[in-house]
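Worksheet: one structure, shown below.
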Amino acid sequence: MPTSACRGCCSAPRIASRLAASSARDCARSLTLLALHAVHRTLIKPSPNLTAYQVLNIQLQSLKNNKKLRNNLGIIQTYEFAHPENKKLTGPLQNFTRMIKSDNYSILLNHEKTKVGVIHQDQFHEVYLIQVTKGKKSENFLWTLITYIDENKNAFWYTVNVIPYSKVST
């Protein structure tokens, strides 16, 4: 259902037509960052230079490759981009890890395929429809990122929520 802020971009046909659309340049940059992360075993930190789409891709690729990265480094990387206020609610990393491994989110770990569709974008807030596939099972999530302005007036993109949207069988 469209909100007044999204100007009708949330209609089902638009979501479906945009589900496979993605920015190749942002995706390539995110994958390059993730490759550096894997080689150097250091976390990619939030930066004013990262777009919301890059943050989303870093999180999705980290979760997809959690097993390859070892020691739940994919989950740890994803937690790095959780909004600071969400971390207060979620609690420490071990709580976040338990949540990601729960039935609602476990398909994100080591998934095989991802489709990303843009539902809403503005300068402060982006919402994506994510479809992940693992084996013969697919699930959809609404993934919301917002900007966070630090004390130096730098804007950083963080994830504020990931909501299971519906369950789809392939």
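Tell me yes or no: at least one residue of segment 101-115 is within 20 Å of K45 (Cα to Cα), open to solvent by 60 Å² or more (accessible area, probe 1.4 Å) and over 15 Å from the mean Cα position of the chain (by Cα).
First pass over segment 101-115, keeping only residues within 20 Å of K45 (Cα to Cα): none.
Taking every residue of segment 101-115 in turn, none turns out to be within 20 Å of K45 (Cα to Cα), open to solvent by 60 Å² or more (accessible area, probe 1.4 Å) and over 15 Å from the mean Cα position of the chain (by Cα).
I'm trying to understand the selection: among the residues of segment 39-70, which are open to solvent by less than 30 Å² (accessible area, probe 1.4 Å) and farther than 24 Å from V118 by Cα?
N66, L69
Which pairs turn up if I take residues in segment 154-170 that are modelled with pLDDT of 95 or more and look for partners that are small (G, A, S) with beta carbon separation below 6 Å, at least 6 apart in sequence or on another chain?
Matching pairs, first to second residue: W157/A52; T159/A82.
I need a count of the residues in segment 151-170 that are open to solvent by 30 Å² or more (accessible area, probe 1.4 Å) and either hydroxyl-bearing (S, T, Y) or over 17 Å from the mean Cα position of the chain (by Cα) (or both).
Here the count works out to 11.
What helices (runs of 4 or more DSSP H), lying completely within segment 64-146, carry at least 3 residues that are over 20 Å from Q54 (Cβ atoms) and free of Cβ contacts under 8 Å to residues at least 40 places away in the same chain? I'd like the intermediate steps shown before the answer.
Details: elements: 66-69, 73-80, 84-90, 93-100.
Helices (runs of 4 or more DSSP H) meeting the threshold: 84-90, 93-100.
Does segment 91-109 hold any residues that are closer than 14 Å to Q61 by Cβ and touching a strand residue (DSSP E or B) at 6+ places or on another chain (Cβ under 7 Å), and which are they? Please lay out each step first, then the result.
Filtering segment 91-109 for residues closer than 14 Å to Q61 by Cβ gives 108-109.
Residue satisfying the conditions is L108 alone.
State whether the residues of segment 75-86 include one that is surrounded by fewer than 20 Cβ atoms within 10 Å (Cβ to Cβ), touching a helix residue (DSSP H, G or I) at 6+ places or on another chain (Cβ under 9 Å) and at positive phi.
Within segment 75-86, not a single residue is surrounded by fewer than 20 Cβ atoms within 10 Å (Cβ to Cβ), touching a helix residue (DSSP H, G or I) at 6+ places or on another chain (Cβ under 9 Å) and at positive phi.
Quick check on my filter: what residues within segment 122-141 are buried (at least 16 other Cβ atoms within 10 Å of the Cβ) and not charged (D, E, K, R)?
Step one: of segment 122-141, the residues buried (at least 16 other Cβ atoms within 10 Å of the Cβ) are 125-134, 138-141.
Scanning segment 122-141 gives H125, V127, Y128, L129, I130, Q131, V132, T133, S138, N140, F141.
The values are calculated or read from the model by the stated rules, or taken from the named source; none is laboratory data. Model, not experiment: these values are computed from the prediction. When we count neighbours, we look across all protein chains shown, and the Cβ atoms used for this are built from the backbone with ideal geometry, even at glycine. Side chains are part of the model used for accessible areas, which takes the heavy atoms of the whole protein and leaves out ligands, DNA and RNA. Shrake-Rupley method; radii C 1.70, N 1.55, O 1.52, S 1.80 Å.
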